[in-house]
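The values are calculated or read from the model by the stated rules, or taken from the named source; none is laboratory data. Note that the coordinates shown come from a computational prediction; the quantities given were computed from them, not determined experimentally. Ideal geometry is used to build each Cβ from the backbone, glycine not excepted, and the neighbour counts take in all protein chains shown.
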Amino acid sequence: MRANHASFDVFDAVFAVIPWPALMLGHDGAVMLTSEEVGVPAARPEPPPSLRERAGHYIAALRGEPPWLTPQEVDTTRALPSGEEVQERIILRRTDWGACLIVMAQTELRQLTGADIQAARLAALGFMVAGVCHEISNPLTSLHSVVQLLRSEKRPDDRVLEKGLSSIESSVKKILDISRRLVMFSRVGEEPRSQFAVDVAIDEALQVMRQEKLLDRIELQWSTDASALVFGNTGQLSEVFLNLFLNAAQAMDGSGSLSIRTVDAGNSVQVIVSDSGPGISEAVLARMFEPFFTTKPTGQGTGLGLAISSEIVLEHGGTLKVERSPAPGASFCVELPRERP
Ligand SMILES: Nc1ncnc2c1ncn2[C@@H]1O[C@H](COP(=O)(O)OP(=O)(O)OP(=O)(O)O)[C@@H](O)[C@H]1O
Ligand SMILES: [Mg+2]
């Protein structure tokens, strides 16, 4: 789905739930709309230049390729016309129209409370709303027409009935998959964080893979490392690893090799997950973190795996990146801080 009038309606809804100034960027990095332009009152009154005029400064501070499409959080310093300096944190998240950039003043950051963290999570969900409406409208339309068709046949024969029922089943499954993932993601607040060996989260994810018999034909190379401690929520991080392992298994069509390596990166720990699958094309690389982007057949992927995983990792003060290496297959790097960020 590309930016259209429907996106502009969604922008209003997203601006309304985000308590900070925000800019919507297109796939080309151009500013589509700012919260200032739709008259959302800012928490603190901003002197000129306008949010749109400041976009260049914010985009220049971003990292990645292309920077305006790489989910991240960076701190910047900006000089006001008065000569005074303001410290700002810019938060960038992917959306199906491109990206949303949120600008938080450092003074607000210092007082970041549980409610703010919840608001940020809700904002991330807000970005997904456009996609959710779009994604569930197809299976709902198909459900509606199958039901009407079955109704119109006085006594549908077994073949028609069977076809109708399996179509209903796959539409319902698609809607359930989306709603389950979003419900899990929308749980905020009650997730305790502590320091633990990252192996614990990796092992939890591998156990799920084993229970589902997804590792039977996969050669697993995992070098455990009890000294690789990270700070965070075990359950959420094991969900991140599970998404990466599932993607690897699916890319390899169930058989191949999966390697999990931990690397000591000083204050942080990197976990590198590599597979021997077909790798990732440039076209997919550009869009894979976008909510609802999937190359999998209907019913096999919601396209939320990487979007949710990268959101969880960013909330932990870490990063989730694709490793660009000449080796065949795909490789992902999850970097997590050892201590409370
Ligand atoms: N290891 C990988 N190898 C090749 N392509 C991958 C790999 N991991 C992800 N991708 C590509 O990125 C896309 C998005 O992945 P993501 O996990 O977000 O969604 P999904 O796997 O399609 O659906 P879901 O995770 O909701 O079941 C995939 O459809 C696939 O094209
Ligand atoms: Mg996935």
- prompt: Are there any pairs with C-beta distances below 6 angstrom linking a residue in segment 232-255 that is in the same structural domain as LEU304 (by TED's automatic domain parsing) to a residue that is in a helix (DSSP H, G or I) and within 11 Å of ligand 2 (Cβ to nearest atom), with the two at least 6 apart or on different chains, and if so which?
  reply: VAL240/SER309; ASN243/GLY305; ASN243/SER309
Residue identified as in contact (Cβ under 8 Å) with a residue 60 or more places away in the chain, within 16 Å of ligand 2 (Cβ to nearest atom), among the charged types (D, E, K, R) and not in a helix (DSSP H, G or I) among GLU339, GLU290: GLU290
task: Would you check which residues across segment 203-223 are loosely packed, with under 14 Cβ neighbours inside 10 Å and at negative phi and list them?
output: GLN207, ARG210, GLN211, GLU212, ASP216, ARG217, GLU219, LEU220, GLN221, SER223
query: Looking only at segment 146-160, which residues are in contact with a helix residue (DSSP H, G or I) (Cβ under 7 Å, 6 or more places away or on another chain) and either assigned by TED's automatic domain parsing to the domain that holds PRO297 or surrounded by 12 or more Cβ atoms within 10 Å (Cβ to Cβ) (or both)?
result: VAL146, LEU149, LEU150, PRO156
- prompt: Taking THR298 and the conditions (1) touching a residue at least 40 places away in the same chain (Cβ under 8 Å); (2) of a type in the set (S, T, N, Q); (3) in contact with an Asp or Glu (Cβ under 9 Å, 6 or more places away or on another chain); (4) away from ligand 2 (no atom under 13 Å from the Cβ), which numbered condition does it fall short on, given that it satisfies the others?
  reply: (3)
field: Per-region count, segment 286-307, residues more than 8 Å from ligand 1 (Cβ to nearest atom) and modelled with pLDDT of 90 or more
entry: 0
field: Filter pass, LEU336 being more than 10 Å from ligand 1 (Cβ to nearest atom) and touching a Ser or Thr at 6+ places or on another chain (Cβ under 8 Å)
entry: yes
field: Residues within segment 63-78 that are surrounded by 15 or more Cβ atoms within 10 Å (Cβ to Cβ) and among the basic types (Lys, Arg), tallied
entry: 1
statement: Subset of segment 254-285, residues within 11 Å of ligand 1 (Cβ to nearest atom) and either in a loop (DSSP other than H, G, I, E, B) or crowded, with 19+ Cβ neighbours inside 10 Å (or both), comes to LEU258, VAL273, SER274, ASP275, SER276, GLY277, PRO278, GLY279, ILE280, SER281
- prompt: Assuming ALA226 fulfils every condition listed in (1) at pLDDT below 95; (2) surrounded by fewer than 21 Cβ atoms within 10 Å (Cβ to Cβ); (3) out of contact with any strand residue (DSSP E or B) (no Cβ under 7 Å at 6 or more places or on another chain) apart from one, which condition is it?
  reply: (3)
message: From the list ASP203, ASP216, ASP225, exactly one residue is farther than 23 Å from GLU339 by Cβ and charged (D, E, K, R). Which is it?
response: ASP216
- request: Within segment 293-336, count every residue that is among the aliphatic types (A, V, I, L, M) and in a helix (DSSP H, G or I).
  value: 6
- line: The lone condition SER238 fails out of (1) within 13 Å of ligand 1 (Cβ to nearest atom); (2) part of a helix (DSSP H, G or I) is (1)
